[in-house]
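The values are calculated or read from the model by the stated rules, or taken from the named source; none is laboratory data. Given the structure is predicted, the values throughout are model-derived calculations rather than measurements. Every residue, glycine as well, gets a Cβ built from its backbone with ideal geometry; the counts of neighbours run over all protein chains shown.
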Amino acid sequence: MYLHKVAGYILVGSFFYWLAYYLISGGFNKHYMFRMTDMKGMIGQASYYALSMFKGGKTPFTPSTDERFNPLQKIAYLSAMLILTPVILFTGILFSDIVYFFNFINYIG
């Protein structure tokens, strides 16, 4: 149990390191920010993933130095890193010491 808690706190620290790095370096704007051109490419990419990929079709997205991820990847990565991971970290911290955070846990339900 102790090792699990230590690994959780290491995960919290590494997440904040990743977040600070991407905010300072401009990585969010370069790789993850959803643009209007992504709206057009989203339908084509979804169609490719749903049908064309299995028939040997060509992908509508080509990675470059400016665009690393296709529109659907951007949505998935941003959801995982900015929604799911913070929720996991927050609840993990709360449950790391239930006695200490008992009142807060009861307050949020």
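If I go through the range 64-91 residue by residue, how many of them are under 30 Å from Asn106 (Cα atoms) and among the aromatic types (Phe, Trp, Tyr)? The total comes to 1.
So if I check each of Tyr9, Tyr22, which one is more than 14 Å from the chain's Cα centre (by Cα), within 30 Å of Ile108 (Cβ to Cβ), not small (Gly, Ala, Ser) and not in a loop (DSSP other than H, G, I, E, B)?
On the way: Tyr22 fails: more than 14 Å from the chain's Cα centre (by Cα).
So the residue among Tyr9, Tyr22 that is more than 14 Å from the chain's Cα centre (by Cα), within 30 Å of Ile108 (Cβ to Cβ), not small (Gly, Ala, Ser) and not in a loop (DSSP other than H, G, I, E, B) is Tyr9.
Only one of these is at pLDDT below 90 and not in a loop (DSSP other than H, G, I, E, B): Phe95, Phe34, Phe16. Name it. Answer to the selection: Phe95.
Would you check if Gly44 is more than 21 Å from the chain's Cα centre (by Cα) and either under 27 Å from Ser14 (Cα atoms) or assigned to a helix (DSSP H, G or I) (or both)? Full working, then the answer.
Numbers: more than 21 Å from the chain's Cα centre (by Cα): yes; either under 27 Å from Ser14 (Cα atoms) or assigned to a helix (DSSP H, G or I) (or both): yes.
Against the criterion (more than 21 Å from the chain's Cα centre (by Cα) and either under 27 Å from Ser14 (Cα atoms) or assigned to a helix (DSSP H, G or I) (or both)), Gly44 qualifies.
Kindly indicate which of Thr65, Thr59 is exposed (fewer than 10 other Cβ atoms within 10 Å of the Cβ) and assigned to a loop (DSSP other than H, G, I, E, B).
The conditions single out Thr65.
Just so you know, in the range 13-32 the residues that are surrounded by fewer than 12 Cβ atoms within 10 Å (Cβ to Cβ) and of a type in the set (A, V, I, L, M) include one that is farthest from Leu84 (Cα to Cα), and it is Ile24. Taking the range 68-109, which residues are polar (S, T, N, Q), surrounded by 12 or more Cβ atoms within 10 Å (Cβ to Cβ) and within 30 Å of Tyr2 (Cβ to Cβ)? Of everything in the range 68-109, those that are polar (S, T, N, Q), surrounded by 12 or more Cβ atoms within 10 Å (Cβ to Cβ) and within 30 Å of Tyr2 (Cβ to Cβ) turn out to be Thr85, Thr91, Ser96. In the set (1) closer than 18 Å to Gly26 by Cα; (2) not in a loop (DSSP other than H, G, I, E, B), the condition left unmet by Ser79 is number (1).
Residue-level check: of (1) surrounded by 10 or more Cβ atoms within 10 Å (Cβ to Cβ); (2) touching a Ser or Thr at 6+ places or on another chain (Cβ under 9 Å); (3) at pLDDT below 90, Tyr48 misses just (3).
Answer yes or no as to whether Tyr100 is under 19 Å from Tyr22 (Cβ atoms) and of a type in the set (Ser, Thr, Tyr). No, not satisfied.
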